[in-house]
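Asks: My structure is below; once you've seen it, I'll send some questions.
What follows draws every value from the coordinates through simple rules; no lab data is involved. Please read these numbers as outputs of a predicted model, since none were measured by experiment. Neighbour counts are summed over all protein chains in view; Cβ atoms, including those assigned to glycine, are modelled from backbone coordinates with ideal geometry.
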Amino acid sequence: MKRQEYINRLNAALSNLNYLERQEIVNDIIDHFEEARQAGLDEEAVSEKLGTPESVAATYFDGSDQAPETASAAEKDNQQDTAPEPGAATEPHNYQNGPYTDPNMFKKPGTDSDYIVYGVLFLVFGIPILMTILSLYIGLWSGGIGMIISGIAVLAVGITVATGMMLTGIIIAALSISVFGLGMLLLGIGLIKNIVKLCRWYVNSAASLFKTGKTVPWNESGIPTWKGAA
Amino acid sequence: MLNIQFKKGVLELCVLSLLERGDRYGYDVAQAFSERIHTSDGTVYPILRRLSSEGYVDSYISESSGGPARKYYKLTPEGLTFKNLLQSEWMDFTKQVNSLLNDGLDLSNYEEAHA
């Protein structure tokens, strides 16, 4: 299994966790792939040694209703406890009665002093930066909407003129205007979609940065493409 | 082959023991495991995460030469205490099991000794 497929399946299997928890886990696995690649291992071999994405994901659940799809696996594991089978290590595993039962296992990202520092930093730098970004966001958004409306208007004018005036020269001019309007329309739509993608990436990266010290890769780790965001 | 659940519990002690000898990053821990214990590499990360959430292990990011920044794990004083406790329990447990095996699984001897 290739790295990207592995990451996608891991993300899907961890979908019951919130974004930051999921991202931390996925980042660990991405780092693992990268280290293995530098050691000369190919992605297929690394995937094999890691175990299936579903089995890795299952080890993070605490046996509660967070992972209903693994309930049957838990029953299977209980049977395995009495009659373990070779190769079972790669099967989904649920530590309902084992050491992974603490529901707070994901709830200690930092100490209290960390939060105080984060809070002060946010007040001093975060709010002004956030306001600037918000203004930029609103400006770009308005620009995009404006371009769409202008595009529709110019397109409409072009079509109206083309259908109203049957003179050849005017038709050509009107069609040109229509093409220009269509271009503006597509430009506006593209602008807005990319703004949405950029903003989602920024928010996720900022959150991940606070939590793990790493930003989110642009095109992996569950960050939706604009098709997914739309 | 050891019961999987049992083995996972013991792996926690193994991770703590590895970290007692020095800070390590996830892949490094996984490799140290795969050299000696038959387990998939993916089992290491939940253990590290749990130990971290319990305060037995701290993590920090460190640049590596020619590669991506690495997330290193470091044993805390609480982790060292916990590791010593686990190790003591493990030693006691294996001692009892060895004793049982050496007695040819004669349970009557064990029951008399612990009566």
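Asks: Could you list, in their original order, any pairs among B:Lys7/B:Lys95; B:Lys7/B:Lys83; A:Lys49/B:Lys7; A:Lys2/B:Lys7 whose Cα atoms are separated by more than 21 Å?
Replies: Working: B:Lys7/B:Lys95 17 Å; B:Lys7/B:Lys83 16 Å; A:Lys49/B:Lys7 17 Å; A:Lys2/B:Lys7 29 Å.
Listed pairs above 21 Å: A:Lys2/B:Lys7.
Asks: Modelled label-to-label distance, B:Ile37 and A:Ala156, 7 Å Cα→beta-carbon offset: nm?
Replies: The two pseudo-label positions are separated by 7.0 nm.
Asks: Here is a further query. Under 15 Å from a point 7 Å along the Cα-to-Cβ line of A:Glu34: which residues of the range B:19-45 have their amide N that close?
Replies: Within reach of a label on A:Glu34: B:25-28.
Asks: Where the Cα atoms of the range B:1-96 are projected onto their three principal axes, how long is each span, largest first, in whole Å?
Replies: Result for the range B:1-96: principal-axis Cα extents of 48, 30, 20 Å.
Asks: While we're looking at this one, here's another question. Modelled label-to-label distance, A:Val120 and A:Arg200, 7 Å Cα→beta-carbon offset: nm?
Replies: 3.7
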